[in-house]
Amino acid sequence: MITYFFIFLAVLAVASALMMVISKNTVNSALFLVLNMMSLAGLFLLLQAQFLAIIQVLVYAGAIMVLFLFVIMLLNVDEETSLFSKLRVKYFVAFLLGVGVFAQILYSLGSFSDTLPTISSEMAQAGTVEAIGDVLFSKYILPFHIIAMLLTAAMNGAIMIAQHKVRTEGNK
Amino acid sequence: MIGIDWFLALSALLFCIGIVGVLIRKNAIVIFMCVELMLNAVNLSLISFSSHYGNVDGQILVFFSLAIAAAEAVVGLAIIIAIFRNNLSVDIGKINLLRW
Amino acid sequence: MDYLHDINAFLPGIIVGVAGLIGIVIDSYKDDHGAIYGLSVVSLLAGLVLSVTDMFEPAGIAFSGMITYGGVTAFGNAVILFGALFCVLISREYLSAIDHDFGEVYAMVLFATTGMVALASANDLIMIFIGVETMSICLYVLAGIFKNRKTGAEASLKYFLLGAFSTGFLLYGMALLYGATGSLSLPVIAEAASTDLLFVAGAALLLTGFFFKISAVPFHMWTPDVYQGTPTTLTAYMATASKSASFIALMIILSKMIPAETAEWGELIEVIAILTMVLGNLIALVQDNIKRMLAYSSIAHAGYLLVGLAAGTTAGYSAVLFYLLAYTIMNVGAFGVVAYYERQQGLDFTDVNNYAGLGFKRPLMAVLLSFFLFSLAGIPPFVGFIGKYMVFAAAIDAGYIALAIIGVLASAASVYYYLRPMVYMYFREPHKDVPLVQSGLLFRSTLIVLAALTVYLGVAFGDLHNLLTSYYSNEWVALIGG
Amino acid sequence: MELLLNICIYLPLAGIAAILAVRSDKATKWISLIVTTATFALSLPLLFNFDIANSSTAQYLTEGNPVLTGLDIKYLLGLDGLSLLLFMLTTLMGPIVILSSWDSVKKHLAGYYSMLLLLQTASMGVFASLDLIVFYVFFELSLIPMYFLIGIWGGKNRIHATIKFFVYTLVGSLIMLVGLIYVGYDAGSFIDGYQFSTDWRFLSGDTYQIGLVEQTYLFLAFSLAFCIKVPLFPFHTWLPYAHTEAPTAGSVVLAAIMLKMGTYGLLRICLPLFPNAFVEFAPYLATLAVIGIIYGALVAMVQKDVKKLVAYSSVSHLGFVVLGLFAFNTIAVQGALIQMINHGLSTGALFLIVGMIYDRTHTRQIKDYGGIAKVVPVFAVMFMIATLASIGLPGLNGFIGEFLILNGTFSSEVLPQNAFVVFAALGVILAAVYMLWMYQRVMFGPLKHEKHEKLVDLNAREIGLLVPLVVFMIWIGIRPVDFTQYSEAQVQELLESSNEKRMAIKQSANSQELPQWASTLYDVTDELASKTKNK
């Protein structure tokens, strides 16, 4: 059963990723990315990471991608007439690089796959909100706070950059 | 039951689609989305490893990476808005003032 | 009690971060940005003093193994905070003069500094990731301050896209390392380290991410654009504090996590170092824009620093720390003087041609720039010479003689472009008479302090060197096994 | 006394501080003059108290603690037979160069005199330092003031000249730095406790022996730096530019002192540290030196610019010094040492004289002069003495140096071919040709230009600064032993100990596996006895 789910979700993820890259319309691209994220959330569930599956939907698909769509609509980016950059050489290099990295990663994963085939049995406990919350507020308290600060900083910085007018000294 | 290695291979594939997308697209927003795809692919890897080891550290890293992706998205989209105001375009092909 | 101990261990970072948070709140009620400026200076100074006192404490770990403190870590933090402090000190006058004195700038610097301190204290991949990202995201914002100028917005976009791209590699590297070892904690990873392909691939991806951050060739493309498009004092901040933090993190990764025997890392770094030194210096030769020239020079300096890392010995790592301090001093100074000239109206003072004849108009600034440039060129008795000396000595001691010779030749080529501003300032007649504004007292005295330090540390470097090598010897032994 | 040595070296720095504090053009000149004169006066006791019998041990030793733990780099100053006279020459030239620019330099006086004083400190430091790292620091430090002196106060093409000068010299010395660090670590393996040593006394001693292969590389690294500085043909191309464009004082210091740093470095460092390579490479470098002698002379002959002519004559003269050093026997090395002083005195004087006439006429072209001897008789006399000293007329100093060098080279074991002597002697003749021809064209014949009728003869200041130089030229010419005595014992001892060290290294290399090229170059299997004789 899980195998069928995996195949379905994997095909969905790869297809939506490809569609995102090649789709002409930026809005479509964004929607394909949402689809990709949803299918990844499904895969997270298969891996018994319930908490992160929910977060993935809420934060990524729900918040980040909405922001993307918002900006795309705001800027009213036209459909691109020429989709990709004109340099054919660049394509070639890009694909070569992509395939190269992929092959390399697969090769290194190959060395790994004999040693670990399956999901650990402890996972049933480890993926829950309680388990994650527990370590997040004990072991990982410092990174957690730095992230909190970073979110404030990012919000502040984004407002400053996106503001239209330059404020002169003291707004006088 | 399907093995972890399948998840990892899927993750590598998605990561590489992301790389290729970054390299060949010229719309800054789409490039940024491809970066998001790469981060997502890594998250899948992390969660797979985490599930395999049955330890929660990998998931915590995913949690943080989600938060950072959010922060990055906010700043990145603000920058894209700023550059759109200057250029009326998000085509990185037109952004070549600074070279060498 | 444990908490107090933990908080105390990360106190410099906490002070700086909290000051940033308080600062933006205060700043939103005030029209004048003096409050947040004062707050940042005070907090950075407090952090610096704390780190300096911590330098002599024994090292330890805190926050359940997330960070280390004391000893070498504190020294790294001190270098970062030193750079941040001096950049902030010279920022206000410059930013006011060009009408970009926003309160957020100081807040961003404080937040980024917190990230850097976290990065340089990291003992866990999560801390490294969060430190790098906190630093980078704030720097993306700082790079975009000139949002109404084409160059500014583009620099920021380029920086952002490439930075985010490299984050992908960084994170994937961490994922693979996690997969290979089952842990994110550096000491645990070090124990489980192997020549397993997965581990090597993970480490390589992680290093790639960091090579981007330190702008090593071939991952340097963003540097000149970003340095040119960012307000100059903030460029100084990027070029010094952020580079120091990234280098310290790279050092942590190489020394703590990747034992030398797992792969030929030294050779990889050697190749990157050669590329970086040679290309950085060669391209700098043809730059007319002084900020771009300093950007390529900073790429070249990353190469010299990599020479120290390639050596991979106690001498190499302590040379890197010393060099980072020296580099911070002279680079903040050089960018500071450029910032002074740049805000003058009438001519574009980032073009080196327009420096013609400035040497005798405001002799102080010109003399200061000469000090910093000579130091960057590595001429004794300035501190840059000692830094280069230590780095190359470490490389020679570790048997990388070819590397040292290439580095030395590259640095000989660099002299040509370091001399260029001086050639224009002193040896040529001005094209056009531009009245030069007097610099403020704080600005001037900050730069004078830095210039004095280049000479002082160039002569009296002994204590610092002894601190790094002998005082920390136990710590180094623990890190790299003698 | 050791305090006195330090005071001498750092007094000019105090002078700079005073100049910057006072900020008055007039006071600037006087402060510089007083400081340099005081330096000279203070250095005299160093000369008089020098223990000639013990010239091979460094005297007035200042030995600081090692600055770094584990690294034996220390502040180590002292004077011995090799350095004493050069040190004295430096202090002597101090007030002379200050006086020479008294009226001729008009812009940015504070900067100008500060640079001259800084140069003074750096030069004295080079000759007095006995730790190689300290030596290197002073060696490099001397570049900065010279860079500015040529660049700011120089002639039309000053920028090109100064950058060429700076980059050339720096490339050489940076390669030397790599060698220096290697030597330091290598030396560490010969000592217990310390890891790294650049103490010259240790490095030149018997304990420290460098293998043949390393010696080759290190010798090449060091000698490249010094040959550029000397400058030896074909590394000389920066010199004519730098000399022509430099202000008078800059040329004088460059010729009299800075070029000596190169030959001094060869003698002080290359010879005792790498004796095998020194000897094996001697024929090649001596060939270059002889080419330099002839080439410099021929090029000087066709110069139209007086200053350029003097500059090329420097290339020729320093060829003699290098030849003398590589002859590797006491007479020749003694000759080289005294020739360094001679060249400083006579070429320094020539540059001063050219500067003086340039100040009056603002031209250096030979064709613009002619027949001015009658108008300015004192000038003509001074010029004559300096010219004759430069071409090596018996009774003047140049003769002593060249004679000793040629004599030593003739009997040299290391340079057995007499061709060296023959061609070098040819250089002496050529020197007479170009110098006298130049003198004749400038001074004698009918007065070519009317405006030169009103040429003013030398004033008291100018005579005053030339007289000491002339006195020494004659003194050395008549009683050279007063000067050579300081270095005699040390040169002999240094050559003997280096030769012993050379044999020892060869002996031990005999039993080792060497790369093909090294065993061919050093010929270790050959009968060692054939070269053991040392004169």
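Summary of values
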read-out: Entirely in segment D:28-146, the helices (runs of 4 or more DSSP H) that have 2 or more residues that are modelled with pLDDT of 90 or more and farther than 30 Å from C:T314 by Cβ; value: D:81-100, D:109-128
read-out: Selection from segment C:113-146 of residues that are farther than 22 Å from C:L324 by Cβ and either surrounded by fewer than 24 Cβ atoms within 10 Å (Cβ to Cβ) or touching a Pro at 6+ places or on another chain (Cβ under 6 Å) (or both); value: C:I126, C:I145, C:F146
read-out: Selected residue [surrounded by fewer than 23 Cβ atoms within 10 Å (Cβ to Cβ) and among the small types (G, A, S)] from C:S156, C:S246, C:S185, C:S215; value: C:S185
read-out: Answer from A:V59, A:V89, A:V71, A:V135 - the residue that is more than 7 Å from every other protein chain (Cβ to nearest Cβ), modelled with pLDDT of 65 or more and assigned to a helix (DSSP H, G or I); value: A:V89
read-out: Within segment C:131-157, tally of residues that are more than 8 Å from chain A (Cβ to nearest Cβ) and closer than 26 Å to C:A203 by Cα; value: 4
read-out: For C:L447: the one exception among (1) more than 21 Å from C:L305 (Cα to Cα); (2) away from chain D (no Cβ under 14 Å); (3) surrounded by fewer than 22 Cβ atoms within 10 Å (Cβ to Cβ); value: (3)
read-out: Every residue from segment C:56-106 that is touching a Gly at 6+ places or on another chain (Cβ under 6 Å), under 28 Å from C:G144 (Cβ atoms) and part of a loop (DSSP other than H, G, I, E, B); value: none
read-out: Subset of segment A:1-30 (residues that are more than 7 Å from chain B (Cβ to nearest Cβ), under 24 Å from A:F70 (Cβ atoms) and assigned to a helix (DSSP H, G or I)); value: A:S16, A:M19, A:I22, A:V27, A:N28
read-out: Matching residues in segment C:415-431 - criterion: being in contact with a helix residue (DSSP H, G or I) (Cβ under 8 Å, 6 or more places away or on another chain) and charged (D, E, K, R); value: C:R420, C:R428
read-out: D:G172 closer than 15 Å to D:C270 by Cβ and buried (at least 24 other Cβ atoms within 10 Å of the Cβ); value: no
read-out: Residue among D:G211, D:G205, D:G179 that is more than 20 Å from the chain's Cα centre (by Cα) and at the interface with another protein chain (Cβ under 10 Å from one of its Cβ atoms); value: D:G179
read-out: A:L35 vs. criteria under 13 Å from the mean Cα position of the chain (by Cα), closer than 12 Å to B:L37 by Cα, modelled with pLDDT of 90 or more and more than 10 Å from every other protein chain (Cβ to nearest Cβ); value: yes
read-out: Long-range neighbours under 8 Å by Cβ, at least six apart or interchain, first residue more than 18 Å from D:V321 (Cβ to Cβ) within segment D:404-420, second surrounded by fewer than 18 Cβ atoms within 10 Å (Cβ to Cβ) and polar (S, T, N, Q); value: D:E413/D:N534
read-out: Check on C:I130, touching a Ser or Thr at 6+ places or on another chain (Cβ under 8 Å), more than 25 Å from C:P218 (Cβ to Cβ) and aliphatic (A, V, I, L, M); value: no
read-out: Test set (1) buried (at least 24 other Cβ atoms within 10 Å of the Cβ); (2) within 24 Å of the chain's Cα centre (by Cα); (3) within 13 Å of chain D (Cβ to nearest Cβ); (4) not hydrophobic (A, V, I, L, M, F, W, C) - C:G336 fails condition number; value: (3)
read-out: Test for B:I17: is it assigned to a helix (DSSP H, G or I) and under 26 Å from C:E154 (Cα atoms); value: yes
read-out: B:G21 being closer than 28 Å to A:I159 by Cβ, of a type outside the set (A, V, I, L, M) and at pLDDT 85 or above; value: no
read-out: Qualifying positions in segment C:357-395 - more than 9 Å from every other protein chain (Cβ to nearest Cβ) and farther than 24 Å from D:L170 by Cβ; value: C:G357, C:L358, C:K361, C:R362, C:L364, C:M365
read-out: Number of the condition not met by B:G76 [criteria: (1) at the interface with chain A (Cβ under 7 Å from one of its Cβ atoms); (2) assigned to a helix (DSSP H, G or I)]; value: (1)
read-out: Number of positions in segment C:61-106 that are touching a helix residue (DSSP H, G or I) at 6+ places or on another chain (Cβ under 7 Å) and closer than 27 Å to A:Y140 by Cα; value: 19
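The values are calculated or read from the model by the stated rules, or taken from the named source; none is laboratory data. Predicted, not measured: the structure shown is a model, and the values here were computed from it. Every residue, glycine as well, gets a Cβ built from its backbone with ideal geometry; the counts of neighbours run over all protein chains shown.
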